[in-house]
Amino acid sequence: MTRHVKSCIESKKVFHACELLIGDLTMAFEIVVDGEKCKGCEDCLEVCTTSVFEMKENKSVPVSVKECLGCGSCVEVCKEKAIRVEELKPDLSEVARSLLGDIL
């Protein structure tokens, strides 16, 4: 198992553990592919375990952004440094924020 796939699986386990502790936890990520840098190698499509990317006009395009786990495998595998994944902070209650403490 490659390091990229392993990190995605671990990210998914942590996400589901948090859901069990505090209920519905929607994680959101902004995924940006620089079309000027993307060479269409499809490495990001192959490494993404949640099928976030599709090829359109020979470029990678994030189409299922809500499925992103934020593991960063696509960023690591992109030789052209064309992909950026940024976490959008969830709007949590004070109770949830205190439970998650330093994790956030």
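The values are calculated or read from the model by the stated rules, or taken from the named source; none is laboratory data. The structure displayed is predicted, hence computed values, not measured ones. No Cβ is skipped: glycine too gets one built from the backbone with ideal geometry, and neighbour counts run over all protein chains shown.
Under the condition of being surrounded by 14 or more Cβ atoms within 10 Å (Cβ to Cβ) and of a type in the set (Lys, Arg), the residues counted in the stretch 54-75 number 1.
Taking the stretch 53-73 as the region of interest, how many residues are closer than 13 Å to PHE29 by Cα and either more than 15 Å from the chain's Cα centre (by Cα) or not in a loop (DSSP other than H, G, I, E, B) (or both)?
Start the filter on the stretch 53-73 by keeping residues that are closer than 13 Å to PHE29 by Cα, which leaves 62-72.
Now restrict to residues that are either more than 15 Å from the chain's Cα centre (by Cα) or not in a loop (DSSP other than H, G, I, E, B) (or both): 62, 65-67.
The total comes to 4.
The single condition among (1) surrounded by 13 or more Cβ atoms within 10 Å (Cβ to Cβ); (2) free of Cβ contacts under 8 Å to residues at least 12 places away in the same chain; (3) more than 21 Å from CYS41 (Cα to Cα) that LEU92 does not meet is (2). Just one of (1) more than 10 Å from PHE29 (Cα to Cα); (2) at pLDDT 90 or above fails for VAL85. It is (1).
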